[in-house]
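Heads up: the structure comes next, in structure tokens.
Every number here is computed from the coordinates shown, using simple stated rules; none is lab data. A quick note: this is a predicted structure, and the numbers were derived from the prediction, not measured.
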Amino acid sequence: MTQRSLVLVKPDGVRRGLTGEILRRIEGKGYTLVALELRQAAAELLAQHYAEHEGKPFYGPLVEFMLSGPVAALVIEGERVIEGFRSLAGATDPTMAAPGTIRGDLGRDWGLAVQQNLVHGSDAVESAEREIAIWFPNLAN
Ligand code: DAT
Ligand code: MG
């Protein structure tokens, strides 16, 4: 089942120069890049992107962090890419993320909040469609 997923290299990943390493893992796995853009996200776009988390205690700090610098926004495509990328990314908390994953190998947890976990990846077909429409309206079907 070929799918598309919306992936973000978050500001910590771009700042730390890990964009290439993260792309290497995605391409190495065999997923195809459909879109790739370095972008300073606007607050309104992030509010749409993180609408499911509005009202949670970490929402404010999360949006603030995502505004702190450019993100690399990607659409990737491949067989079961939605769960496949989440598997590459590892658990949300970098300390708990398995070695071998992006967050497990490269995530930093000391003195940082959990939200600085390098990457975002869509978690379901519906959220991928919603997120691709937000970030890349030209690609929306
Ligand atoms: P994921 O990014 O693994 O899909 P999520 O959708 O539950 O995780 O949360 C979105 C982001 O919000 C996550 O990447 C980091 C941040 N976040 C989640 N839970 C958090 C918490 N308990 N404290 C601080 N930040 C959190
Ligand atoms: Mg999520």
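Here the extension length gained between Glu21 and Thr92 equals 23.7 nm, from 0.36 nm per residue of separation less the Cα-Cα distance. Estimated purely from DSSP H runs of n ≥ 4, each contributing -39500 (n - 2.57), the mean residue ellipticity at 222 nm for the chain is -10500 deg cm²/dmol once divided by its residues. Hull volume per residue, based on the alpha-carbon atoms of segment 2-139 and their convex hull, is 100 Å³. In plain terms, the chain from Met1 to Lys29 could stretch by 8.5 nm, reckoned as 0.36 nm per residue minus the Cα-Cα distance. Remark: relative contact order (segment 21-141) = 24 percent; criterion is Cα-Cα distance under 8 angstrom and separation of 6 or more residues. Could you check what % of the DSSP bridge pairs in segment 1-114 are antiparallel, to the nearest 5? Bridges in segment 1-114 are about 100 percent antiparallel.
Converting phi to 3J(HN,Hα) with the Karplus coefficients 6.51, -1.76 and 1.60 and the offset θ = phi - 60°, segment 42-53 yields 8, 4, 5, 5, 5, 4, 5, 4, 9, 3, 5, 9 Hz in sequence order, with x at every glycine or proline.
Computed with the Debye formula from one identical point scatterer per Cα of segment 83-139, without solvent, the log10 of I(q)/I(0) at q = 0.16, 0.22 Å⁻¹ comes to -0.54, -0.81. Just so you know, the Rg over Rh for segment 1-78 is 1.00, from Cα atoms, with Rh as the Kirkwood radius.
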